Each structure stands twice: as structure tokens, then as C-alpha cells.
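The values are calculated or read from the model by the stated rules, or taken from the named source; none is laboratory data. Bear in mind that the values here come from a model prediction, so they are computed numbers and not experimental data. Glycine gets a Cβ as well: all are built from the backbone with ideal geometry, and neighbour counts include every protein chain shown. For accessibility, only protein heavy atoms count, side chains too; no ligands or nucleic acids. Shrake-Rupley method; radii C 1.70, N 1.55, O 1.52, S 1.80 Å.
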Amino acid sequence: MKKLSKNGNKNFLIKASLITGLVIGFLIGGTFIYHSISNESNTYQAVIFNTISGTVTIVDPINFNIVTEIPFKISPDQYGAHFNSKLNKLYLIHHGQSEILVLNPQTLEIKYKIPVGENIQHGGIFDEKEEVFFIVSRDTNSLILLNTTSDRIISEIKVQESPHHVARYDNIAVVTNTKSRTLSFIDIDEKEVVKNIRLKSEPLMIVAGHNNKKIFIGTAEIDDQERKIPARIIIFDDVLDRVFGRGNFRFLEPGEIILESTPHGLALTKDDKNLLVTIPEMNKLLIIDVKTLEIIKELETGKFPHNINIDPEGRFAYVTNSNDATVAIIDIQKMEIVTVLETGNGPHNVQFFNIMGESGKSGPNTEARKVVGANFNCGG
Amino acid sequence: MILVTEIEISDEEVKQLEKKAKIINMEGEVCPYPQIIAREQIQKIENDIIIIETDHVMATKAVPQSVFEYISKYSVWKSGSGQYKIVLWKK
Amino acid sequence: MIEYSGLLSLILTIVIGIGFGILLQKGRFCFTSALRDYIAFKDTRVLYGLLIGIITMMLGTSIAYSLGVSNSHFWISNYGLSNIIGGFVFGIGMVYGGGCASGTLYRAGEGYVHYWLMLISACAGYVIFASLFSIFFLPYFFTPLQIFEGFSLIESLGQISVLVPILIILSCVLYLKKKQQLNLITNISKLNISSISINNLKSAWDAKIVGFGMGIFATLWFIVWGTLSVTGPQAKWVGLTYSNIIGIESLQGNIYWNNVIFSGGNFSISLDMIMLLFLILGSFISAYFSGDFKIRMVKKNRVQNAIIGGMLMGFGSRMAPGCNISNTFSGLAFLSVSGFVTSLGLVLGVYITTRWMFRKVGCAI
């Protein structure tokens, strides 16, 4: 049995191995270079949670292209998603349920459920180190502190009637109690309510300054006599000082801005200079100068703008238009709408995290190229 | 590639050849085993004529080529639906 | 639930499917044979046919593209190290199992239980792969490795892409003429109508002519649907069947089934799936009327070949992604980089497995 023309074979094999080696070398080299250059820890996408269609829309935060829309196994209901970047954990508050779901941030599969109080409200916040998750239970009138590592309840603090939202500055938490129309100020370390302040009308959402001690509360159009009064944003400049110092609350004069109708979403820009407010019934987003308390810009977003989420760099605000199935992306500095993208039905809020996985670049779910056919569906 | 010569033979010729040929039954074997077995066996066989019984369609093309250095000509004869006899004449 | 744009597309799909089936069966056209038999015995019977098919498809596709076929009909995958690995795994499965993706199909139509087993094993491979996709393959295989943006020379050249296959054909003709191996005139003169007899039709067809025919049909398919692919629609059939067993919600919750295979969660029967069925049917018809059909039981000692080979092919075709048809045939015809890279891995896998399987008898290369 002979092998044909040994020399001819040898040459052929050498050439073939050379080419193969070159190609593989190029691919390996390219992979290494690519991964060392790209700063992976900063990679994220804007993930919009669509409550009615039960899907998430993934948006590239650089070119604002819709990467894809994928479903996940949740029954349609209003809910709030909160991503804990320190632990790479995705919490999903099932609004109106007694539990919080923990999802896998890449696959959106339910890992497990955490039973908490009744009627958890969709707005929750983390502390600075993302070690504690603050949520309010409307039916049990309590503020719940959850340890994010163990997912165990650290403490339940009774506030006043029908709490809706919570804000935090340093070690003070502030809760809006809708039915009693009060604000509860809680000392987080002592785990007790220090003070309750009565307001003129029903407080809804609340947000605190990043680096100043101002707190901003959106209030509804109905007062305690069920009469129609103007909706407002109420601003407390130094109430937190008084809480910290256990000071005098007698001559507390909050600033206020009159609005056309009930506000919902509140967000402060990173530099604390502007406040963004959504007025759902007017299909508007307002930009308010915090110093002068003047409305400096009004933007038409889409039908029933709901929540505002600002990206980690503080450059763009994402406003979910719940009745439009769209999300409006606003350039905060230029104060203009960059684009409006179609989402699934009932977009609720937006979180920023790396749902795509390791590199976040065009992976299997992207339609980055103009050609049709996902990369793995060979032939289409 | 050196092409091997294929020739046609008649039914009677096959019957005649079968009497003095070494018959290898490869029924049920699929690629690449027909070729491997053919190459393995062909050196050990003394007979001038080898008949391989196979039902693998591909083998009718691949087997003769796989032993091209050892044969002068070959023929494929159909013995039934999906049944073939490959006749190989050793050099 | 069948989606097709018009009755004409459906009829063409059926015709193309049957055409492929007949061509593959009559030509004994298998990519495994093309590569393996060349490595083992320098047998170029199928290899030349394959090359002719690729060039024909390249020419046909670029003409159709210039005449207005949408560039969405191209399948151009991103690529990286993952392609080589996927192609390699597929190549091993191809040789060990005894057939490529298309070869397995047409031989299933000829009645080989061995290849039915391979198909079933490959389908099981798809299901297993899909369940491992989001936990493993997506984060640890594809996202780190599949990093280069896909590129196809034919697609990017647009109107002038026709020049490339013409150039290739011309240089081949010149090269062969120089080596005085081109007897084109004499060959063509042999192909007159009188030489076509029932006997000729019943016996095997020349692989070069079959390759040419495949290129033509592949171009037709490109116009009707898009890239010619086999494991893609195969996976779709598996997905549909699976969804009827365990319920469609489970698949809708799986990223691989819902977004990749049935992009957009569109769980329906598409044209390429119909084409696949008629491919097997065409092969069966061709085998039956040529007297090649026989239910061939698998040999007991080769069962592991079928199962392991099929499973490797199933995984490899998902990892590459794509099989020999979408990469080595369509991919090369499109001059797509991903096609080249995957084919390289494929050839590597074929080479190593062939050397190993033929270790007792030796290989030509």
C-alpha cells in the first residue's frame, strides 16, 4: 500500500497547515485583542420591561437601535424592575403581589421568589452600596428593608396609611403615605420613624437629591376633602437637616410648582440641577430648573408617559409611554427628544445592565446587519 | 486522480465469475467502511477476481476508486433493488 | 399555519425540493465523500462536482442579485473562533457518522435506517443544545468568540459582483487548458439528446453535472427564499414537533427556540421546511424508480457511529453555526468569510477523523 507522491503530499500539507494556522492564529489574536480593548465592565444595554406583552425590549444605548425584543415568563401586571449592579441581580416587583421575583439578568428566568408584605409598590430603591433594597408595602403600611445578598428581610418599619414610594438620602428614608397624605422620615440605622409631616394633598412619587439634601414630591390633584386642587411638585430644601438634627419643624416652608395635572415619574439629573417630571394625562415631560423652580422645557413624549429612568452616565433619560408602546429617549443636556422607539405593549420602566452577556457586542440576538436572518438560524 | 476503468458485464458472466471469485459480503455497511474493508482485504486475497456484495449505493462509486492501485478494471452489477455486486479484477 | 407568499412560491419550493432530492440521489452527491475520499484516495469524483456547484451558484446568485433580489436573501454570519470549533465538531460527526447534512437526508430517502438514526440523533442534539444555549453557549461560547462582523464579497459588491465568478471561471478554464485537461468541446458534444436513455437515467449521474444542477437549483432557491440551508429548517421541524409535545410556552421561554430558530417567536411552517420534506421525497422517488431503494437495517456494530456522528453533527451545526450546505456550499458561493472559516474547521475535522478511521489502511494525503 503506498501513499502517492510523498513529496507532493508533503508540500500540499505544509501549505494547508500554514494557511489553517494563519487563520486560526488571526482569530485567536483578534479575540484576545478585542476583549482586552473593550471595557467590559461598562457595557450595558437599556432594557425596557413591557408589562402587557410580557417582553423586554433591549436597546443599544449608544446608537439607540433596538437590539431585540424577547419574552419572559411573567403574567401581565404592572411591575417594577430593579437591577442591583453590585450583585448582578435583577429584582422584579410584582405590583400587587406579596413577593419579589429574582431573575437571571441574562436569561430573565425566574431564579426564585422572595415573599414580602402585601401589595408591594413598584418603586423601590437601593442604598448607596446596593446592600439594602427599600420597598413599601401598601396594605401593611410598612417600609421593608431587604438584605440584597441573603434576600432576607432586615426589618419592617411601620409608616402611615397606604405608602407608595420611598426616597433616601444618607441614612434617612422618606416615604410618601398616600392615604394619610403625610411624609414619614425614617432613621435607617435606628430603624424607626423620626417624624411625619402632613401635606396639603396626596403625595405620590418622591426623589431625593444626589448630593444635596433636597427632596421633591409629586402630589395629586385631589385634596383630603376630595376636591380638585392643582397638582404640584413640592420641594423641601432643608427638611432633612432638621430631621438629622432632630430640629424644629414648625416653620417649614416648602417650595412648590403648580402643574397642569397629576405628575407621575420623577427624576433628578446627575448634577442635581434639573428635575424631570412626567405628566401622563398631558403626554408631556417637563424639565424644571431646581434653583428657580421654573419649568424650562416641555416635551411631547408619547401617550401616557409613565416612568423616567436616567442612564448610568446621566446623559439620556428614557421615558416609557405606557399607552403608546414606545419609549422616548431624551438628551438631558440638549433637552430634546433624540428618538422614540417602539417597545412591546405596556412599557413600564427601564433598567440599564448587560443583558446580552459577556461582550455585549452583536451576539446571537442582534439584527445589527441589514441582512435578515439571525446569525444562528442558518439560511433564515 | 487516476480513473479506474469500468466495464459492463452480463448476468451470465457474473454467474460464471462468482464460481471462482472471492466473495466479500458487506451488506449493511455504510460509508466509510466499505472502502476501509475493501482496502484491508484486497491485499490479503489471492484470487484474481473479487466480488463485493453490498447494498450501499455510494460504495459502488467509492470502493473501486479506493483500491485503484490494485485493480485493472471493475464492474457494478445490480442484483436487486438496492443490491449490488462490485466485481474487481486484480492486476 | 403555513406561511408562504403566494402559490407560485409554494409550487417552486416543491419543485426545487424534489429537484434537489433527485440530484443528490442520482449523483451520489455527498460532501463527506467529496472531502474524505479525496483525503483517503485522492478521489475527486464528488469534489469536482462540488466545486462546479459552488461556482455555478456563485454566478447564478450574483446575476440574480444584480437583477434585483433583495440582499436580505443572503445569510452572512458574524464569525470568530466559534466557527472553526463548530465546523470541526461537525466535520468529525460527518465522517464518523458517514454522511453530511444533505447526504444524511437523501440517504434517508433511499431507505437507510442508519441515516434515520443519525437524523434522530442530530435532532436530539438540537434539543439538548437549545436547553444549554442560554446557560452555557450564549455567555461562554458565542459572545466571547463570535466577534468579527460578517462579510460577503458577493453581497457587498452589489451590481458588479458578477465579475467575481466570471473571473474565477475564466482563470479555471485557462488553468485547465494549460494543463491540457480540458476537453470541454468533446465533453459537451457527448451530451446530445440521443445519449440520454432510460438506462443512463437509471444509473448514476456524473457528479459534475449534478453539481451544476445543484448550483442552478440553489440559485432558484435564492430567488424564491434565500440561502440554501439544511440544518436550519431541520431545527425548525424539531422545534415545531417539540412544541407540540411539551407545549409551546416552554419553547417561547427559551431564547434559542424563540429568538434564533423561530426568529420573533414565529412558530409556523415556513417554505424552507417544506423544501426539506420534498427533498427527502424527491430522493425517495428517484431511488425507487432507479432500483436503489431498500430498507437497509443498520449494522449492530455501527449503531454507535450513527448516534455519535449524528449528535456531533447536531451540535456542530448549531455551534458553527450552519452545516456543510449553508457554509461550504452557500457560504463559499457568497464568498462569505464565515463560510470560509467554518469550512476550514470542517475540513480540519474531516481530515483528522479520516486519518484516524483509515489508520489501518492509510490515506493518500
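Observations on the structure shown:
- For the stretch C:73-88, the criterion of being assigned to a helix (DSSP H, G or I), among the hydrophobic types (A, V, I, L, M, F, W, C), more than 12 Å from chain A (Cβ to nearest Cβ) and touching a residue at least 24 places away in the same chain (Cβ under 8 Å) is satisfied by no residue at all.
- Within the stretch A:75-84, the set of residues being within 18 Å of the chain's Cα centre (by Cα) and modelled with pLDDT under 85 comprises A:D77, A:Q78, A:Y79.
- Of note, B:K78 does not satisfy the criterion of being open to solvent by 10 Å² or more (accessible area, probe 1.4 Å), more than 8 Å from every other protein chain (Cβ to nearest Cβ), in contact with a strand residue (DSSP E or B) (Cβ under 7 Å, 6 or more places away or on another chain) and not hydroxyl-bearing (S, T, Y).
- Hits in the stretch A:175-218 - residues which are open to solvent by less than 30 Å² (accessible area, probe 1.4 Å), assigned to a strand (DSSP E or B), within 19 Å of A:E156 (Cβ to Cβ) and of a type outside the set (D, E, K, R): A:V175, A:T176, A:N177, A:T182, A:L183, A:S184, A:F185, A:I186
- Subset of the stretch A:288-311 (residues that are in a loop (DSSP other than H, G, I, E, B) and open to solvent by less than 70 Å² (accessible area, probe 1.4 Å)): A:V290, A:L293, A:T301, A:G302, A:D311
- The residue that is farthest from C:S131 (Cα to Cα), counting only those in the stretch C:260-284 that are open to solvent by 60 Å² or more (accessible area, probe 1.4 Å) and in a helix (DSSP H, G or I), is C:F284.
- Any hit, the stretch C:298-310, residues being at pLDDT 90 or above and outside any helix (DSSP H, G or I): yes
- Candidates A:K89, A:K111, filtered to the one that is among the charged types (D, E, K, R) and either free of Cβ contacts under 8 Å to residues at least 40 places away in the same chain or open to solvent by less than 10 Å² (accessible area, probe 1.4 Å) (or both): A:K111
- Subset of the stretch B:52-70 (residues that are more than 7 Å from chain C (Cβ to nearest Cβ), over 26 Å from C:Y288 (Cβ atoms) and crowded, with 22+ Cβ neighbours inside 10 Å): B:V67
- The one condition from (1) part of a helix (DSSP H, G or I); (2) within 10 Å of chain A (Cβ to nearest Cβ); (3) in contact (Cβ under 8 Å) with a residue 60 or more places away in the chain that C:C123 does not meet is (2).
- Subset tally (residues that are buried (at least 24 other Cβ atoms within 10 Å of the Cβ) and either more than 17 Å from A:L18 (Cβ to Cβ) or out of contact with any strand residue (DSSP E or B) (no Cβ under 7 Å at 6 or more places or on another chain) (or both)) for the stretch C:338-350: 8
- Test result for C:Q180, modelled with pLDDT under 95, away from chain B (no Cβ under 14 Å), outside any helix (DSSP H, G or I) and over 30 Å from C:I285 (Cα atoms): yes
- Selection count where residues are under 19 Å from A:N84 (Cβ atoms), open to solvent by 20 Å² or more (accessible area, probe 1.4 Å) and not in a strand (DSSP E or B), scope the stretch A:147-170: 3
- Meets criteria (hydrophobic (A, V, I, L, M, F, W, C), more than 30 Å from C:R355 (Cβ to Cβ) and within 14 Å of chain A (Cβ to nearest Cβ)) for C:F20: yes
- Taking each residue of the stretch C:287-312 that is at positive phi and looking for partners that are open to solvent by 80 Å² or more (accessible area, probe 1.4 Å) and in a helix (DSSP H, G or I) with beta-carbon atoms closer than 8 Å, six or more apart or interchain, yields C:G291/C:K202.
- Close Cβ contacts (under 8 Å, 6 or more residues apart or on different chains) running from residues in the stretch C:144-162 that are at the interface with chain A (Cβ under 9 Å from one of its Cβ atoms) and closer than 16 Å to C:G80 by Cβ to residues that are among the hydroxyl-bearing types (S, T, Y) and assigned to a helix (DSSP H, G or I) comprise C:P144/A:T31; C:L145/A:T31; C:L145/C:S82; C:Q146/C:S82; C:I147/A:T31; C:I147/A:Y34; C:G150/C:S338.
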